1. Which residues, counting only those in the range 71-96, are within 16 Å of the ligand (Cβ to nearest atom) and not polar (S, T, N, Q)?
2. Of everything in the range 1-41 that's within 14 Å of the ligand (Cβ to nearest atom) and of a type in the set (A, V, I, L, M), which residue is surrounded by the most Cβ atoms within 10 Å (Cβ to Cβ)?
3. Counting only residues that are in contact with a helix residue (DSSP H, G or I) (Cβ under 7 Å, 6 or more places away or on another chain) and more than 23 Å from ASP119 (Cα to Cα), how many does the range 202-240 have?
4. How about the range 165-194: which of its residues are under 24 Å from TYR13 (Cβ atoms) and of a type in the set (Gly, Ala, Ser)?
5. Find all pairs meeting these conditions: Cβ atoms under 6 angstrom apart; at least six residues apart or on different chains; first residue within the range 313-330 and in the same structural domain as SER248 (by TED's automatic domain parsing); second residue open to solvent by 60 Å² or more (accessible area, probe 1.4 Å).
6. Please find, within the range 49-59, the residue that is nearest to GLY126 (Cα to Cα) out of those that are more than 9 Å from the ligand (Cβ to nearest atom) and open to solvent by less than 50 Å² (accessible area, probe 1.4 Å).
7. Can you tell which of GLU252, GLU236, GLU242, GLU277 is acidic (Asp, Glu) and crowded, with 19+ Cβ neighbours inside 10 Å?
8. Which one of the conditions (1) open to solvent by 50 Å² or more (accessible area, probe 1.4 Å); (2) more than 19 Å from the chain's Cα centre (by Cα) does ARG154 fail to meet, given that it meets all the rest?
Amino acid sequence: MSDDIYVIFGSEYSPFSVKLRSYFRYKGIPHEWRPRTQENYAEFQKYAKLPLIPLVLGPKDEVLQDSTPIMEKMEERFPEKPIQPPSETLAYLSTLLEDYGDEWVNKPMFHYRWWRDEDQQAVGDGLARALLPNGDAQTREEMAGQIRKRMVPRLSFVGSNEITKDTIEESLDNLLTLLEKHLSTRSYIFGGQPSFADFGLWGQIYSCMLQPTTEKLIRTTYPNLLDWIERMLDPETTGGWEDWPRLSSTLEPLLKSEIGDLYLPWSEANGKAVFGEQPEFTVKLNEREFTQQSAKYSARSLQALKNKLSALGKVGELEEILLKTNCLPYLVAQDW
Ligand SMILES: N[C@@H](CCC(=O)N[C@@H](CS)C(=O)NCC(=O)O)C(=O)O
């Protein structure tokens with residue numbers, strides 16, 4: 001194997017892995033996609049600092065984990081076709097949307113994956129097939145059963161339960177409806193080139209296509225979104241970046257209803273709980289209670305968003321947008 005090739009250990013079922021694979025494809029970064037299987041698990045473990053995919057093995061055995069910092073690093077190494085709009089305002093919004101995709105849209109994705117019997121069955125079988133590509137039917141079936149048994153109780157990790165179910169499902173409906181409209185006149189979220197926002201959101205939404213309930217929902221209701229889902233599998237530039245006046249009528253409602261009213265209030269409450277070492281927290285989202293165990297990674301990612309905003313200094317247009325969409329109070333640096 002050539003020395004300057006990157007190997008991505010991933011899975012078709014891992015939203016963060018497919019996000020990174022699409023990014024590598026778009027950038028034309030030489031890489032090999034290596035699905036993690038039971039057979040190569042020991043090799044994966046040898047490199048993994050965290051038991052998480054994607055894991056990127058770079059030239060000279062460099063090991064990289066965590067999709068966002070990997071993409072940031074690759075942006076420095078491969079500056080052609082940048083995935084951030086040149087405007088500071090839009091670049092920040094793109095980062096914010098990516099983070100919302102990774103940390104919030106992951107909830108409905110995971111919820112739909114393990115909530116209903118039909119989805120548990122389909123995803124359990126698919127994961128077993130991916131892990132045991134050469135396994136016989138009986139071994140795969142046993143593996144699928146074990147996966148289901150392990151994963152269903154993990155619904156609590158994303159806060160999915162009888163009380164939060166409606167908030168989570170309505171959030172996905174709302175996101176898909178707003179994206180459908182936004183993508184009716186453009187190839188990607190910020191125009192003719194994919195951005196951090198596209199990769200982050202797409203990873204989660206593509207995973208929804210591997211689950212019968214959400215696959216049906218998307219195929220029957222959202223034709224523009226479906227085109228974008230296919231386009232993002234191997235994205236190509238189709239034009240230039242748009243500016244905020246063109247984007248705002250369909251992007252602003254998404255920023256407000258999903259990020260300002262749901263994701264950031266949730267993330268702020270989660271951050272407080274993590275800082276106060278509370279194992280669980282409850283927050284009111286759109287007048288409904290949402291209880292879940294606190295999540296350290298999300299607290300770190302909120303802090304990163306705050307740091308990025310304060311490092312920008314004063315950008316009047318951005319502040320105005322963040323204020324109008326209820327996001328600003330959660331993003332100005334403060335100690336919990
Ligand atoms: N923040 C990480 C999240 C990675 C992550 O949560 N990966 C999941 C799959 S999507 C995982 O590896 N879970 C354990 C496993 O599959 O063994 C990233 O962006 O890469």
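The values are calculated or read from the model by the stated rules, or taken from the named source; none is laboratory data. Nothing here was measured: the structure is a model prediction, and the numbers come from that model. Because the Cβ atoms are built from the backbone with ideal geometry, glycine has one as well, and the counts that use them run over all protein chains shown. Side chains are part of the model used for accessible areas, which takes the heavy atoms of the whole protein and leaves out ligands, DNA and RNA. Shrake-Rupley method; radii C 1.70, N 1.55, O 1.52, S 1.80 Å.
1. MET71, GLU72, LYS73, MET74, GLU75, ILE83, LEU96
2. In this case the residue turns out to be LEU20.
3. Looking only at that region, the number is 4.
4. Of everything in the range 165-194, just one residue is under 24 Å from TYR13 (Cβ atoms) and of a type in the set (Gly, Ala, Ser), namely SER171.
5. Correct list of pairs: VAL315/GLU88; THR325/LYS256; ASN326/LYS256.
6. Just the residues of the range 49-59 that are more than 9 Å from the ligand (Cβ to nearest atom), to begin with: 49, 56-59.
Of the ones still in play, those that are also open to solvent by less than 50 Å² (accessible area, probe 1.4 Å) are 56-59.
Working: VAL56: 23, LEU57: 25, GLY58: 28, PRO59: 31 Å.
This residue is VAL56.
7. The unique qualifying residue is GLU242.
8. Of everything listed in (1) open to solvent by 50 Å² or more (accessible area, probe 1.4 Å); (2) more than 19 Å from the chain's Cα centre (by Cα), ARG154 misses just condition (2).
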